[in-house]
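**Student:** I have a structure here, written as structure tokens, and I will follow up with some questions on it.
The values are calculated or read from the model by the stated rules, or taken from the named source; none is laboratory data. Here the structure is a predicted model, which means the values were calculated and not measured. Cβ placement follows ideal geometry from the backbone for every residue including glycine, while neighbour counts extend to all protein chains displayed.
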Amino acid sequence: MGEQYIKEYSVCCPRTLQKGKHQVEYAKATCTRVPDTLLHFHCTINGKCKDCERDYQE
């Protein structure tokens, strides 16, 4: 697997309306025509919630 990196996004939870962050770990694609692969998703508001994960999958 190639290079990995983490991006952090400030968000407002659609369920609770609390402010939080999404931390998303990606694996860099080897080709520019292919999106980077999502490896791990974590929400700081509720670590078990995965509802917003699909927003980061391309």
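**Student:** Identify, please: which residue in the range 25-56 is over 19 Å from SER10 (Cβ atoms) and among the small types (Gly, Ala, Ser) and is, among those, modelled with the lowest pLDDT?
**Tutor:** ALA29
**Student:** In the range 14-58, how many are farther than 14 Å from GLN4 by Cα and hydrophobic (A, V, I, L, M, F, W, C)?
**Tutor:** Counting residues in the range 14-58 that are farther than 14 Å from GLN4 by Cα and hydrophobic (A, V, I, L, M, F, W, C) gives 7.
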